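Worksheet: the structure to be examined is printed underneath.
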Amino acid sequence: MTNPVDPTTRPEPFQDGSLRDTLAWVLHSLDQPAVASGDWIAYEVDAKRGTAVALLTDPTTPLARLRRARILWAALRSEGERAEDRSMGSRLAIAAAAAAYLFHGERISNHDDSALLTALRSAVADDAVPAEVRLMMQMAERKLTGPIG
Amino acid sequence: MTAPSNESPAPREAAPRSSDEAAVRYWGAIYAYIRQSGRRDEEARELTQGFIADVLLGRNLLGRLDEKRGQFRTLLLSAVRNYLADVYRFNHAARRHPGDGRVIRSDDLANDALPDRQNPAPESAFHRAWISMLIRDAADAMRAECVANGRDMQWDIFESRILRPMLEGAPPPSYESLMERWNLTALSQVSNTIVSMRRSFAAHLVQGVGATVDTSPAGARGELRELMSLLEGRIQ
């Protein structure tokens, strides 16, 4: 027979909410690895909004958070471990610039109009980017090109 | 900065190697079920110890942890449930046939430890303890791996910024304080470390879950989804 376990040394189970949150992000990383890495950075910047979609499509997201997110996504683009992380980092960094322009009328990247439009159109065409973010980028693209005539 | 390894963690054994290890590993989930079934703390501890000695080790339940048996979690849960039913029947029979000529009082039966229906289901308590065990195992394995590979900084950033706030509600340190603590020069060193470490933690958890079901990643993912459904009350 084994020695009795001292229950006072056993840790208590975690709360249901903590367990759900942990399993949720682990499952998210298995289902959508690239989107998950973008979301983790969004969570770092704005835990309340928590995802790239929420951060980038909310007109009330403060400009400072979009700036910070763009910097971190750009770093994921250049230093990410996986090709899919680097690609998503690139797309979301552009998306942050688009959101800053669309919702705040501010330019937060060094792109000129032509380069920004090219990057936006490329990102909009990328199915790996969440649909809501692509829609926001299309609106930014329309704002950038301005009314015709 | 040295990027944390993102390779799959080293294979983990399906079952604890020693009986003491098994007792420690599964104690929490077994106790949670028994306690939540209406037993008082002291009685629940004794029954937990009895189950570990008589069934888990005595009937070699651990030896049945293999692919053909499917999920060890469900096997363990039904074994605990059956054990309690056996104990109940044994106590009940002993009271009906005391064998010493004494008269049975109805109080004797009323004192039997029937499940307390006011409390959450024992199964919920079992699953919460089980998932907590898996998460702790993954964190312990990851910490050991980081320490062995000189990645203390990566572990510290992950633990202090993600794990402890998420699991214990601890306030996360700011990026600036982490940069100062580890002499980092860019915010992105912290954020990219977090991305890598989250992915590594997910791999450790999947591997730990896989060791309780079968060896395929699909089996582990299915079990993870089922655990999530159990937490959300979508299945009983």
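Going through the DSSP H helices of chain A, which span 18 Å or more along their own axis at the Cα atoms while scoring at least -1.0 as a mean Kyte-Doolittle hydropathy? Membrane-span-like by this rule: A:16-31, A:33-45, A:63-79, A:83-104, A:131-145. Considered as an equivalent ellipsoid built on the Cα gyration tensor, segment A:63-149 has semi-axes of 21, 14, 11 Å, the largest given first.
Note on chain A: GNM, Cα springs under 10 Å; of A:D113, A:D21, A:D46, the largest mean-square fluctuation is that of A:D21. In angstrom, the C-alpha Rg and Dmax of chain A are 19.6, 88. Remark: relative contact order (segment B:171-222) = 19 percent; criterion is Cα-Cα distance under 8 angstrom and separation of 6 or more residues.
Placing B:T185, A:T118, B:T48 in order of accessible area, with the largest value first and a 1.4 Å probe, yields B:T185, A:T118, B:T48. Length gained on full extension, B:A144 to B:H92: 13.9 nm, using 0.36 nm per residue less the C-alpha separation.
In angstrom, the C-alpha Rg and Dmax of segment A:34-113 are 11.4, 33. Rolling a 1.4 Å probe across all protein chains gives A:E44 an accessible area of roughly 20 Å². Heavy-atom accessible area for B:D86, with the other protein chains in place and a 1.4 Å probe, reaches approximately 70 Å². The residues A:E132, A:E81, sorted by heavy-atom accessible surface at 1.4 Å with ligands and nucleic acids left out, run A:E132, A:E81 from largest to smallest.
The values are calculated or read from the model by the stated rules, or taken from the named source; none is laboratory data. Given the structure is predicted, the values throughout are model-derived calculations rather than measurements. Remember, those area values only see protein heavy atoms, side chains included, never the ligands or the DNA or RNA. Shrake-Rupley method; radii C 1.70, N 1.55, O 1.52, S 1.80 Å.
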